[in-house]
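Novice: Input: one structure, supplied below.
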Amino acid sequence: MPALSPRALLRASLALLVATATALLLQVTLLGAWGVGAAPDRLDLQPVANVERVKSTSADFLRFDASTGPAIAQHRSATVPATDVLALVLNVTEGDGAQQLALGWRTGEDSRRTASASVFIERGSAPRTVLVPLVGHARWRGSVLQMALASEGRRAGSISEGGVLGISSVELVHATPLGALRLLRATWFGDARDLAVTQGAAVRVLALPLWLTFVSVFAMALVAFMERRQPAQRASALTALAGLLAILLAATTVAARLWPGFTPALLGASAAALALLLAGGPWWAQSRQHTLVVSAATLGGVALFACVAVWLAPLVAAIASVPLMILLAAPWLPRRVTTAAGLLALAPAFAVAAAAQQILPAPVPVAPLRDPTQPLLAIVQRAAGLPALALGLLGLHRLWPAPATTPRWAGAAAAATAWAASAAICVLAMPRLSRLPDATGAPIGLLLPALATLLLAMLPRLREVAARSEDTVPVTPQRSEADLSPDALALLDGHGERVRHNLEAGHIGAAQTALTQMERMAPAARRTALARLRVALAQDDLGAADAAGAAMREGTPLGSGEADALLELAHRRGEHNRVIELAPLASAGLGNARAVALAHALSGDIDAALATLDASPHVAELARDIVELHLLRDDVTAAQLALDRTGIALDNPVGEAYIARLGMRATGSSHYADAASGLATWHPQLGVAHAALGESMLRQLNSSGARARLVLAMRLDPVLWPLQVRVQAIDTDANATHASTP
């Protein structure tokens, strides 16, 4: 576990405060308690029947005497919006027995009908205050004009025990945040006998276990989000938050008067949990590496706590016996055995379920069986912190920043957890066993062994902290060609051919569909990487192309198709040395020949560029390209011979443009410069004419104008790609001039 720091404690406290505030805001919103308290503070009840106003030295009160009939008091001429009142507070000054009351009211929206709700007040000593929630009742709505309170008299089958009740005042709990907090405090931390829920009303106050669970999980999620990039700080903050949550859960459980106290059953269950923690702790888990003294001391401690558990809580000790044996035997058992032991824990639960459904005959000692849901809910209500603790532990395990290679669970402890939880549920399903310890807190103690073994199961992950946030992300092994069968490999090749043919036809969408099939079959295959590279190049996504190309550079030597795709990527990236390096591996295509020749030309080796084009099987189609390379060297004779092989007629505009370019090199006459200017003017879509004009401007030392004309020429006619050498020279000279200028 990491060491705590002031920053971690601060972050944990902040997350806990934010989570608590968020839960309170949600609860206030659920109650609709965002008002300002404009309603009156109390109701002025007037006697109607069998109610007497009594004056005493302490305070005046109304005495409801229902011994001869219903006692009724009412409040008239009230105009109170129902949404402004959350509850009523009855200040009881007389009457200790249980009472059945009726609360009635009339609304302005339906003044001819009276709404009513039945309220049962449990036995309790007077004086006291009884809170009656009204929010959530189906008919508590609209504008309340009149209200009445009635005490029912004795009658056959009535649950009322007495006919006398003294009420000094009836206060209103306003629908404000303070009123909501008062309702929460009375519901969670008050005496259950002082809370009278109206029959048929929906409970709008969240149960304390649910509220605590939300706070625990949300606070941990906040800490993980705040420290998502710093694993060490996140682990430290989660540790601090776990301590703060433990204090909060214990304090709220005790304050809510839900904890049954430290009864012998709970003390015995705690001893059983300590025995399990000692048996599954690091001292015993590594007992084969420790001395005999350490092992003996550990076994002695386990035996001592186990004896205390048997003495104080035999039922809990019986539940913890199988998990204890699994933990003690774990150092000498292979993992598959402990995994099988965990799966066997399902057998008792299935047997009990089958007996409950009468699929199997139930043994006489355990029959009849019952649904354990209600006993589990009763345990949760009596120990509100248990569900929050269990889910908090799971959240801590999930958000802990351990390296992805760290084991997530301890196998033996996980199997012990399964046995402890299954045994506890089975006991709760057997009335003859679960009825015995109801008054001693043993039902809560049944779950303590499961919580202890759950903590042990989490320890392997909690012991490790990742160095970087990337270490927490598991890397899923991906299939490659080696993982596919021959038939699957043939299918993968078919998808790759579909990608290539669709790209050649210009159908990028169909190629993307075929690539998706390849990525599902074998995302790590070289064929998939090649298809991914081809699609990325077709979409001009050089970032994705770089990633695919990096995957293809590893492993076996490149094939011809792979070298073609990588050569195109290097050509687009301007990596000339890489293009020249891939040239021997690539196919002898027309595009590859031009790309390699351009790489040589831009590297300053025009002869190598010419040799590349002359060696290509498409030399006839590259005749104009060869002419342009000879023009780069100002070799007029070679350029004339190459121009004859192109078959271009000298009396058309293209031929005239080439004559002008050759003439400027041979004679330097301004006549050819004027001819180039005229051709560019009268033939604005002729790339070679703009090339001639650009070369004329370059001779006149108009570098910027020449560059613009040469770039325009290459855009109009891609065959003029060798002009990039002249553009590169112009840019180099401009940069050198700019650098030398003070």
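Novice: Just to be sure before I move on: is residue 708 crowded, with 17+ Cβ neighbours inside 10 Å and assigned to a helix (DSSP H, G or I) in the structure I sent?
Specialist: no
Novice: Continuing with this model, one more query. Do we have any residue at all in segment 717-730 that's farther than 22 Å from residue 595 by Cα, in contact (Cβ under 8 Å) with a residue 24 or more places away in the chain and among the basic types (Lys, Arg)?
Specialist: Among the residues of segment 717-730, not one is farther than 22 Å from residue 595 by Cα, in contact (Cβ under 8 Å) with a residue 24 or more places away in the chain and among the basic types (Lys, Arg), which makes the answer no.
Novice: While we're looking at this one, here's another question. Consider residue 498 carefully, then state whether it is charged (D, E, K, R) and surrounded by 14 or more Cβ atoms within 10 Å (Cβ to Cβ).
Specialist: When the stated conditions are applied, residue 498 passes them.
Novice: State which residue is modelled with the lowest pLDDT when the search covers only segment 236-258 and only residues that are surrounded by 18 or more Cβ atoms within 10 Å (Cβ to Cβ) and more than 11 Å from residue 12 (Cα to Cα).
Specialist: Step by step, filter segment 236-258, then rank; the result is 258.
Novice: Just to check your reading of the model, which residue among 679, 631 is closer than 27 Å to residue 607 by Cβ and buried (at least 21 other Cβ atoms within 10 Å of the Cβ)?
Specialist: 631
Novice: I've got another one for you. Of the conditions (1) charged (D, E, K, R); (2) surrounded by fewer than 16 Cβ atoms within 10 Å (Cβ to Cβ); (3) assigned to a strand (DSSP E or B), residue 171 fails just one. Which one is it?
Specialist: Of (1) charged (D, E, K, R); (2) surrounded by fewer than 16 Cβ atoms within 10 Å (Cβ to Cβ); (3) assigned to a strand (DSSP E or B), only one is false for residue 171: (2).
Novice: Do you know which residues across segment 640-665 are touching a Phe, Trp or Tyr at 6+ places or on another chain (Cβ under 9 Å), small (Gly, Ala, Ser) and not in a helix (DSSP H, G or I)?
Specialist: none
Novice: Now, a different point. Hey, can you tell me all the residues within segment 318-342 that are crowded, with 23+ Cβ neighbours inside 10 Å and within 17 Å of residue 451 (Cβ to Cβ)?
Specialist: Answer for segment 318-342, where residues must be crowded, with 23+ Cβ neighbours inside 10 Å and within 17 Å of residue 451 (Cβ to Cβ): 319, 320, 323, 324, 326, 327.
Novice: Same structure again: Conditions: (1) touching a residue at least 12 places away in the same chain (Cβ under 8 Å); (2) over 18 Å from residue 706 (Cα atoms); (3) assigned to a loop (DSSP other than H, G, I, E, B); (4) among the small types (Gly, Ala, Ser). Residue 668 meets all but one. Number of the miss?
Specialist: Here residue 668 clears every test but (2).
Novice: Looking at segment 221-229, is at least one residue buried (at least 21 other Cβ atoms within 10 Å of the Cβ), outside any helix (DSSP H, G or I), modelled with pLDDT of 85 or more and not assigned by TED's automatic domain parsing to the domain that holds residue 391?
Specialist: yes
Novice: Tell me, please, whether a residue that is in a helix (DSSP H, G or I), in contact with an Asp or Glu (Cβ under 7 Å, 6 or more places away or on another chain) and not assigned by TED's automatic domain parsing to the domain that holds residue 692 can be found in segment 613-633.
Specialist: Scanning segment 613-633, I find at least one residue that is in a helix (DSSP H, G or I), in contact with an Asp or Glu (Cβ under 7 Å, 6 or more places away or on another chain) and not assigned by TED's automatic domain parsing to the domain that holds residue 692, so the answer is yes.
The values are calculated or read from the model by the stated rules, or taken from the named source; none is laboratory data. Just so we're clear, the structure is a prediction, and the values are computed from it rather than from any experiment. Ideal geometry is used to build each Cβ from the backbone, glycine not excepted, and the neighbour counts take in all protein chains shown.
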